[in-house]
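Please treat every number below as a calculation from the coordinates, not as lab data. Note that the coordinates shown come from a computational prediction; the quantities given were computed from them, not determined experimentally. Glycine gets a Cβ as well: all are built from the backbone with ideal geometry, and neighbour counts include every protein chain shown.
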Amino acid sequence: MSLVTLVVSITTDVKRYHDREKSGWWVFILFIPVVGAVWLLIECGFLPGTAGPNRFGADPLARKQAEGCSQRNSNREGHR
């Protein structure tokens, strides 16, 4: 069970680093005692991703916001 948790955690952190337009290799900063864990927490937990698409793909939040706007507009048109 712990191996599955480790793999999921690493892949999630890599995706988050990609959201910030950084290499997934930054995950290995965890091997630096104390400082690495704090760095990962700040970098992946508190700082926003890059706005718009980057070299790793489209901005997932922009896609969700666009879907939300189109749904709100269609709901407003249906109430008229």
Determine whether region 18-34 contains at least one residue that is loosely packed, with under 10 Cβ neighbours inside 10 Å, assigned to a loop (DSSP other than H, G, I, E, B) and without any contact (Cβ under 8 Å) to a residue 40 or more places away in the chain. yes
Does region 35-55 hold any residues that are exposed (fewer than 12 other Cβ atoms within 10 Å of the Cβ) and among the small types (Gly, Ala, Ser), and which are they? 45, 51, 52
How many residues does region 13-50 hold that are within 11 Å of the chain's Cα centre (by Cα) and more than 19 Å from residue 62 (Cα to Cα)? 3
